[in-house]
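Structure record follows, encoded as structure tokens.
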């Protein structure tokens, strides 16, 4: 069972950086043929992935399965989140040819599901929404059977920017909550918990059939009830898919790990999420928001079709 954790300020909690990782967090070094092929293609097309920028532990497994999360709008973020390995600073100029190169790479790989994400671009009036929409359009033109998942920033709360992306009709719209409200200022400076919830709620209102998704990392020092409350908040805005994974500190300059959750605890969180009504819960130590994304999309689509069939029969 999950044990309650006292809601203590991050600064007064002990850190465990430097101690040996639990065995369930160990992964093999990447190097499969598909991994090398994808790496070569990305370099040829001058494309970036969040898999590399965020030091994702699943990069070997996912790239072997020809699954990658493409990072658009450059590789420099205008924010400096305490958990993220992406570089931050002043972004470079927009690459208007990027949508075509992303679509070309997806077509060459023959992907049937793809994930597109970006750094925060607070320097742009629309936060990069127009480029997201262009990427979706180009993928549809080149790979009409490919389902498209977009993991978007908060666009600083702009409903107009969100509508630009939603109107381009992605299959899944994802925006990560990352942590509980109490820790937002330290984990996600520049972001707002309520704004995250409102983005997902707006997406549902604008496009009721759109699949929505969010992710939470654990191990920052959150209390059990805080975590369960955050999960409930996501369900209250009718979020379809939830991912839960262990925070892994990229370096000593990032926020410390306060606790490792066990695989058994992640299983319990999965069951709790399913009881709350999420259509899919991906929960495990190495889970990240795009992990097993294709399977999630297929399962939620299947469940929705089943619900529609049952409704027609009633």
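Key figures for this structure:
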quantity: Residues satisfying the stated conditions in the range 183-208, i.e. under 21 Å from residue 218 (Cβ atoms) and surrounded by 18 or more Cβ atoms within 10 Å (Cβ to Cβ); calculated: 183, 184, 187, 188, 191, 193, 196, 197, 200
quantity: Residue list for the range 209-233, restricted to those being closer than 26 Å to residue 299 by Cβ, within 19 Å of the chain's Cα centre (by Cα) and part of a loop (DSSP other than H, G, I, E, B); calculated: 210
quantity: Condition met for residue 162 (closer than 21 Å to residue 278 by Cα, surrounded by 18 or more Cβ atoms within 10 Å (Cβ to Cβ) and touching a residue at least 24 places away in the same chain (Cβ under 8 Å)); calculated: no
quantity: Qualifying residue in the range 161-178 (condition: at pLDDT 95 or above, more than 16 Å from the chain's Cα centre (by Cα) and more than 26 Å from residue 113 (Cα to Cα)); calculated: no
quantity: Contacts under 8 angstrom Cβ, first residue in the range 103-114 being without any contact (Cβ under 8 Å) to a residue 40 or more places away in the chain, partner crowded, with 18+ Cβ neighbours inside 10 Å, 6 or more apart; calculated: 107/143
quantity: Residue that is surrounded by the most Cβ atoms within 10 Å (Cβ to Cβ), among those in the range 234-272 that are assigned to a helix (DSSP H, G or I) and without any contact (Cβ under 8 Å) to a residue 40 or more places away in the chain; calculated: 266
quantity: Residues satisfying the stated conditions in the range 273-308, i.e. out of contact with any strand residue (DSSP E or B) (no Cβ under 7 Å at 6 or more places or on another chain) and assigned to a loop (DSSP other than H, G, I, E, B); calculated: 277
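The values are calculated or read from the model by the stated rules, or taken from the named source; none is laboratory data. Fair warning: this is a prediction, and the values are worked out from it, not measured in the lab. As a convention, Cβ positions derive from the backbone with ideal geometry for all residues, glycine included, and neighbour counts pool all protein chains shown.
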